[in-house]
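Colleague: Have a look at this one.
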Amino acid sequence: MKILVRGGTVYSRGQAASGDVLIEDGVIVAVGDCRGLTGGARIIEAGGCHVLPGLIDLHVHIDDTIGRFRLADTWESGSRAAAGAGITTLGGFITQRNEEPLAAAVERAAGRAAGYSFCDYLWHLTPTRFAKDDWADILRLQKSGWRTFKFYTTYCESGLFSSYNRLTEIAERLTPGGARLLVHAEDEGVLTLAQARSAMPVRASDHGRQRPPEAELRAVERVAEIAAATGAWFHIVHVSTPEAAEAIGRARGRARLTCETAPHYLFLDDSWLKRPDGHRWLCTPPLRDAGRARRLREMSGAGAFDTYATDHCAFTIEDKDRGREDMLSAPMGIAGIGALPRLVFALERERPERAFTEMSLRLAENPARLAGIEGSKGALAPGLDADLAVFEIADQKEPIVSASAGSPETYPDFHSRLRLRHLFLRGRQLIADGAWSGADAAQGRCLWTN
Ligand SMILES: [Zn+2]
């Protein structure tokens, strides 16, 4: 089946041009002036609209248990909220439990997404055991197509911690196979000292003291050294402080280092933690002070972040409210999956063309490269998957909604004029004229194992 998206402004790989996009059998076949190629095509008029590649959020936590708490989203609800915002590819996480082999962890997680996801998806793998057999498993998965791995320089108590020596070994063993190593960078030593000084019970407004900016800076500097020494590609997730972002900027010349930040570090600050319901905004790393948030926004305008990702980690209101008296009894994480495109657009809302160009770069091309899926995703070009998000700028503002699964709203009172008009995943239309268009079954594919 042929579809012509006609007469929009087409943004791809950081460039904008007027033109059409022609789709056939789920693949883009032509971009630009498509007159003469369109016989029999269904026409979607995109005049006045902004046509982007389907957007990519590489950092979402969905349908998993974190500590004692179950996440609020299933793949069905999470991917539907993502698609409703213009996202067609998601990056989830598979974490090995202590008692299980890695392959069992993969099976456990993959079964929750297959047949339920409206978006295509891939996985970042967190091995937690490194005996000889475990290494054989890791290398086998890498050989069969798994490219991204995620490690933590903190969370000793939950068995996720990797020492800097371990990260060096991982870098040396996985780099020849082309791995990208995602790191949650907060230095465990700095955190332990900071937490030992805290009074009990710990309130939400104390979170910044519990996990100070120095912890992130210290870990980023150590990871940058490892990247420079090993030649490995490290990607720092959810950078929350300008100090860490500057350290990454300084190291880029000598190390293969990329990074992301999450919109909540740009648009929210620790004043939210001081509200009576401030515990609902607890996440790690914590929200920082207003000066740091402002500085991060300035740095984002100067291109400090290769990509933006939500770290979507929604819990129910009931579970979040366990942190009302004592922060330590609450699950950490906030919703964001549905808010990503509108918040990234808001970074440059006074200059819409620049905002869309940036989105094509930092929410499509760059994350596709990071995940190694640029051969099928992340741009509007012949031969790539027909993942398209068609946006318009409406006269009326609408509330920004971060999630759909009964979790507290992360961005109350935030509004946007950016509206999603159409969305295609491999040529199947998920949103038509702003409404869910009945993709009858969740047909998202796992991009690693097909
Ligand atoms: Zn995360």
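The values are calculated or read from the model by the stated rules, or taken from the named source; none is laboratory data. Remember, it's a predicted structure, so these values are computed and weren't measured experimentally. Counting neighbours? That spans all protein chains shown, and the Cβs are built from the backbone with ideal geometry, glycine included. All accessible areas refer to the heavy atoms of the entire protein, side chains included, with ligands and DNA or RNA removed. Shrake-Rupley method; radii C 1.70, N 1.55, O 1.52, S 1.80 Å.
Colleague: Does region 311-324 contain at least one residue that is within 27 Å of T357 (Cα to Cα), hydrophobic (A, V, I, L, M, F, W, C) and touching a Leu at 6+ places or on another chain (Cβ under 9 Å)?
Modeller: No: zero hits.
Colleague: Kindly evaluate A85 against the criterion of being more than 16 Å from the ligand (Cβ to nearest atom) and either within 18 Å of G444 (Cβ to Cβ) or in contact (Cβ under 8 Å) with a residue 40 or more places away in the chain (or both). Quick ask: steps written out before the conclusion?
Modeller: Values: more than 16 Å from the ligand (Cβ to nearest atom): yes; either within 18 Å of G444 (Cβ to Cβ) or in contact (Cβ under 8 Å) with a residue 40 or more places away in the chain (or both): yes.
In short, yes.
Colleague: On to the next question. Considering only residues that are out of contact with any helix residue (DSSP H, G or I) (no Cβ under 6 Å at 6 or more places or on another chain) and open to solvent by less than 30 Å² (accessible area, probe 1.4 Å), look in region 181-193 and name the one that is farthest from the ligand (Cβ to nearest atom).
Modeller: For region 181-193, the residue satisfying everything is L181.
Colleague: Right, something else. For region 251-308, which positions are free of Cβ contacts under 8 Å to residues at least 12 places away in the same chain and either more than 20 Å from A330 (Cα to Cα) or among the hydrophobic types (A, V, I, L, M, F, W, C) (or both)?
Modeller: Narrowing region 251-308 to residues free of Cβ contacts under 8 Å to residues at least 12 places away in the same chain: 252-253, 275-276, 291, 294, 298, 302-303.
R252, G253, G291, R294, E298, A302, G303, listed by residue number.
Colleague: If you take the residues of region 321-338 that are away from the ligand (no atom under 16 Å from the Cβ) and either under 16 Å from E409 (Cβ atoms) or touching a Cys at 6+ places or on another chain (Cβ under 7 Å) (or both), which of them is modelled with the lowest pLDDT?
Modeller: D321
Colleague: Does F345 fit the bill of being within 20 Å of the chain's Cα centre (by Cα), over 20 Å from D311 (Cβ atoms) and at pLDDT 95 or above?
Modeller: Values: within 20 Å of the chain's Cα centre (by Cα): yes; over 20 Å from D311 (Cβ atoms): no; at pLDDT 95 or above: yes.
Against the criterion (within 20 Å of the chain's Cα centre (by Cα), over 20 Å from D311 (Cβ atoms) and at pLDDT 95 or above), F345 does not qualify.
Colleague: Need the failing condition index for R322 against (1) surrounded by fewer than 19 Cβ atoms within 10 Å (Cβ to Cβ); (2) more than 30 Å from A199 (Cβ to Cβ), just the number.
Modeller: Evaluating R322 over (1) surrounded by fewer than 19 Cβ atoms within 10 Å (Cβ to Cβ); (2) more than 30 Å from A199 (Cβ to Cβ) leaves (2) as the failure.
Colleague: Check off (1) in contact with a Gly (Cβ under 9 Å, 6 or more places away or on another chain); (2) farther than 28 Å from I334 by Cα for R203 and give me the number that stays unchecked.
Modeller: (2)
Colleague: Hey, another quick one. Could you check region 389-404 and list, in sequence order, the residues that are within 18 Å of the chain's Cα centre (by Cα) and not β-branched (V, I, T)? Reasoning before the result, please.
Modeller: Taking region 389-404 as the starting set, the residues that turn out to be within 18 Å of the chain's Cα centre (by Cα) are 389, 400-404.
Scanning region 389-404 gives A389, S402, A403, S404.
Colleague: I'd like the full set of residues that are in contact (Cβ under 8 Å) with a residue 40 or more places away in the chain and assigned to a helix (DSSP H, G or I), limited to region 129-169.
Modeller: Scanning region 129-169 gives S158, Y164, L167, T168.
Colleague: Check region 346-359 and report whether any residue there is touching a residue at least 60 places away in the same chain (Cβ under 8 Å), open to solvent by 40 Å² or more (accessible area, probe 1.4 Å) and not in a loop (DSSP other than H, G, I, E, B).
Modeller: yes
Colleague: Scan (1) modelled with pLDDT under 95; (2) buried (at least 20 other Cβ atoms within 10 Å of the Cβ) for the single condition H422 breaks and write down its number.
Modeller: Among (1) modelled with pLDDT under 95; (2) buried (at least 20 other Cβ atoms within 10 Å of the Cβ), H422 violates only (1).
Colleague: Are there any pairs, at least 6 apart or on different chains, whose C-beta atoms fall under 7 Å, with the first in region 92-120 and touching a residue at least 40 places away in the same chain (Cβ under 8 Å) and open to solvent by 50 Å² or more (accessible area, probe 1.4 Å) and the second of a type in the set (S, T, Y) and away from the ligand (no atom under 16 Å from the Cβ), and if so, which?
Modeller: From residues that are touching a residue at least 40 places away in the same chain (Cβ under 8 Å) and open to solvent by 50 Å² or more (accessible area, probe 1.4 Å), the pairs are Y116/T74.
Colleague: Here is a follow-up. Would you pick out the residues in region 361-380 that are part of a helix (DSSP H, G or I) and surrounded by fewer than 18 Cβ atoms within 10 Å (Cβ to Cβ)? Walk me through it before giving the result.
Modeller: Within region 361-380, the subset part of a helix (DSSP H, G or I) is 361-371.
Scanning region 361-380 gives a single hit, R369.
Colleague: Being over 30 Å from L384 (Cβ atoms) and under 16 Å from the mean Cα position of the chain (by Cα) narrows it down to one of F151, F93, F161, F130, so name that one.
Modeller: Answer to the check: F151.
Colleague: Sort out which residues of region 270-284 are buried (at least 21 other Cβ atoms within 10 Å of the Cβ) and under 24 Å from F345 (Cβ atoms), and write them in order of number.
Modeller: W281, C283 - these are the residues of region 270-284 that are buried (at least 21 other Cβ atoms within 10 Å of the Cβ) and under 24 Å from F345 (Cβ atoms).
Colleague: Here's a follow-up. Where in region 208-297 are the helices (runs of 4 or more DSSP H), entirely inside, with at least 3 residues that are away from the ligand (no atom under 16 Å from the Cβ)?
Modeller: Details: elements: 213-230, 242-251, 263-267.
Fully inside region 208-297 and qualifying: 213-230, 242-251.
Colleague: Test S205 against the criterion of being surrounded by fewer than 21 Cβ atoms within 10 Å (Cβ to Cβ), assigned to a loop (DSSP other than H, G, I, E, B), away from the ligand (no atom under 16 Å from the Cβ) and at pLDDT below 95, and give yes or no. Steps first, please.
Modeller: Numbers: surrounded by fewer than 21 Cβ atoms within 10 Å (Cβ to Cβ): yes; assigned to a loop (DSSP other than H, G, I, E, B): no; away from the ligand (no atom under 16 Å from the Cβ): yes; at pLDDT below 95: yes.
Spelling it out, it is not the case that S205 is surrounded by fewer than 21 Cβ atoms within 10 Å (Cβ to Cβ), assigned to a loop (DSSP other than H, G, I, E, B), away from the ligand (no atom under 16 Å from the Cβ) and at pLDDT below 95.
Colleague: At least 3 residues that are surrounded by fewer than 23 Cβ atoms within 10 Å (Cβ to Cβ) in each: list the strands (runs of 3 or more DSSP E) lying fully within region 1-76 that qualify.
Modeller: Result: 2-12, 15-24, 27-32, 42-45.
Colleague: Could we say that A371 is touching a Pro at 6+ places or on another chain (Cβ under 6 Å) and at pLDDT 95 or above here? First the steps, then the outcome.
Modeller: Working: touching a Pro at 6+ places or on another chain (Cβ under 6 Å): no; at pLDDT 95 or above: yes.
It is false that A371 is touching a Pro at 6+ places or on another chain (Cβ under 6 Å) and at pLDDT 95 or above.
Colleague: Being more than 16 Å from the ligand (Cβ to nearest atom), at pLDDT 95 or above and outside any loop (DSSP other than H, G, I, E, B), is that true of even one residue in region 89-107?
Modeller: yes
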